[in-house]
1. Give me the percent relative contact order of the range 40-133, please, defined on Cα pairs under 8 angstrom at least 6 residues apart.
2. Any chance you could list P(r) for the range 40-133, counting all Cα-Cα pairs in 10 angstrom bins from zero, rounded to whole %?
3. Around Ala54, what is the net charge, scoring Lys/Arg as +1 and Asp/Glu as -1 over all other residues with Cβ under 12 Å from its Cβ?
4. Between beta-carbons, use under 12 Å as the cut-off and find the net charge around Glu89, counting Lys and Arg +1, Asp and Glu -1.
5. What's the extension gain from Lys80 to Ala106 if we count 0.36 nm per residue and subtract their Cα-Cα distance?
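Values quoted throughout were computed directly from the atomic coordinates according to the rules given, and no laboratory measurement underlies them. These numbers were taken from a predicted model, which means no experiment stands behind them. Every residue, glycine among them, receives a Cβ derived from its backbone with ideal geometry; neighbour counts consider all protein chains shown.
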Amino acid sequence: MKACVKAGAWIISFAMCAAPSNARARDPQHLVPQEELNQEIARAAATRQSNETAVRHLLSSDAGRQALQSAKVDYAKIDKAIGQLSDEEVAKLADRARNAERDFAAGSISAKTLAYIILAVVVIVTIIVIIEKI
C-alpha cells in the first residue's frame, strides 16, 4: 500500500514538473488557494484525531481494560499501533467502536459481546500493523 502511495506521489510530481509552468500560470481557476488547502488538512487531522479517540476510548473503558487484561494484551502497544494505521483503517475501527459503545449503552449487546468486539478490534489493529511491516 505504501508503495502505491509513493508511486502515485512520484507520478504526480513528474506530471507537475513536465507540465509547462506558463500554462499553469495562465489558468488561475485551476489553482487551489492555500487557505482552502490548509482548511482541508485541518479537517482531515481533526477527523483522524476524533476517530483515534473513539477507538482509544473503547479500549480504555472498563470493559476494554478487562478484555485486554484477560487476553494479556498491553494497552500501550495497541495504543501505539493505532497511530500507525491509515486514516481509512482508523475510520472503520472508530465506526465499529462507536457502534459497540452505543449498542452496549442501549442494552442491545451484553458486556460479554462488547468484550468480544473489543478483542476483535485489538486483533484487527495487530493484523494490520503486522501486514504493513511485511
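1. Details: 69 pairs, mean separation 34.9, N = 94.
Worked out over the range 40-133, it gives 37 percent.
2. Result, from short to long distances: 17, 51, 27, 5, 0 percent.
3. That sum, taken over residues with Cβ under 12 Å, equals +3.
4. Here the count lands on -2.
5. So the extension gain works out to 6.3 nm.
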